[in-house]
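Peer 1: Before I ask anything, here is the structure I am working with.
No lab work stands behind these numbers, since they all come straight from the coordinates. In this text, all values refer to a predicted model and were calculated from it rather than measured experimentally. Note that we place each Cβ from the backbone using ideal geometry, even for glycine, and neighbour counts take in every protein chain shown.
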Amino acid sequence: MAVLKIYVAPHPVLKKKAEPVAGGVTKDLRKLLDDMLDTMYAYDGVGLAAPQVGVSKRILVLDIHQLKGDDVPPAEKRGEPQYFINPEIVWSSADLRIYNEGCLSVPGQYADVTRPDKVRVKYLDYHGKAQEIEADGLLATVLQHEMDHLNGVLFVDHLSTLKRDMLMRKLKKFTKDNEEDMAKNHIL
Ligand code: NI
């Protein structure tokens, strides 16, 4: 159990295409999954991808049922955690969904992003077992957002250049204004 440091844009690890996990789900890998989940709950994220903690591997965790907030003790935030190793989208719907996205690596910034409403994803689970799910709604949005991280893509990359530049300028100011807090909380 450990809360890991979060890497914030424009750190280069967030722009890199992550490597697939080879050799199955080992004890060391499960430790990383556990730590990523702790980190996600600590910062009230709905999902977290390995590159966000500086590990360029195709791994993500999420929990769309978690309880959030400073008044909720970390041990009570756990809802229904899900772990995805080497996830791949095998189908996505023509129907789209718009969601106001944020990201622990782009702190303090939010924007509407349009993505397919439903996706089918195959992956390995926490126990290394091959799985396939069809996700819709928030789960589909979060999965696609986190899978983008594995390809070096941030939600701001889905916006117009004008909007992205504006958000990145605001992020720079936010990072500067909150530098002390962020360093104390192991962000940056
Ligand atoms: Ni993110």
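Peer 1: If a residue must be among the β-branched types (Val, Ile, Thr), assigned to a loop (DSSP other than H, G, I, E, B) and surrounded by fewer than 19 Cβ atoms within 10 Å (Cβ to Cβ), how many such residues does the range 1-23 contain?
Peer 2: First pass over the range 1-23, keeping only residues among the β-branched types (Val, Ile, Thr): 3, 6, 8, 13, 21.
Next, from what is left, pick out any that are assigned to a loop (DSSP other than H, G, I, E, B): 3, 8, 21.
If we keep only those that are surrounded by fewer than 19 Cβ atoms within 10 Å (Cβ to Cβ) as well, we get 3, 21.
The qualifying residues number 2.
Peer 1: From Lys118, Lys57, Lys77, Lys31, which residue is surrounded by fewer than 15 Cβ atoms within 10 Å (Cβ to Cβ) and of a type in the set (Lys, Arg)?
Peer 2: Selected residue: Lys31, the only one of Lys118, Lys57, Lys77, Lys31 that is surrounded by fewer than 15 Cβ atoms within 10 Å (Cβ to Cβ) and of a type in the set (Lys, Arg).
Peer 1: Also: When only residues in the range 143-160 that are closer than 18 Å to Lys57 by Cα and among the acidic types (Asp, Glu) count, which is surrounded by the most Cβ atoms within 10 Å (Cβ to Cβ)? Even if it seems obvious, please write down each step before you answer.
Peer 2: Keep residues of the range 143-160 that are closer than 18 Å to Lys57 by Cα, which gives 143-154.
Subsequent filtering for residues that are among the acidic types (Asp, Glu) retains 146, 148.
Working: Glu146: 24, Asp148: 18.
Of everything passing the filter in the range 143-160, Glu146 is surrounded by the most Cβ atoms within 10 Å (Cβ to Cβ).
Peer 1: Right, something else. Taking Phe155, is it in contact with an Asp or Glu (Cβ under 7 Å, 6 or more places away or on another chain) and either in contact (Cβ under 8 Å) with a residue 60 or more places away in the chain or among the hydrophobic types (A, V, I, L, M, F, W, C) (or both)?
Peer 2: Yes, satisfied.
Peer 1: Could you check the range 1-33 and list, in sequence order, the residues that are more than 16 Å from the ligand (Cβ to nearest atom), charged (D, E, K, R) and touching a strand residue (DSSP E or B) at 6+ places or on another chain (Cβ under 9 Å)?
Peer 2: Hits for the range 1-33 are Glu19, Arg30.
Peer 1: Being crowded, with 18+ Cβ neighbours inside 10 Å and more than 30 Å from Asp177 (Cα to Cα) narrows it down to one of Ala94, Ala140, so name that one.
Peer 2: None of the other options fit; the residue is Ala140.
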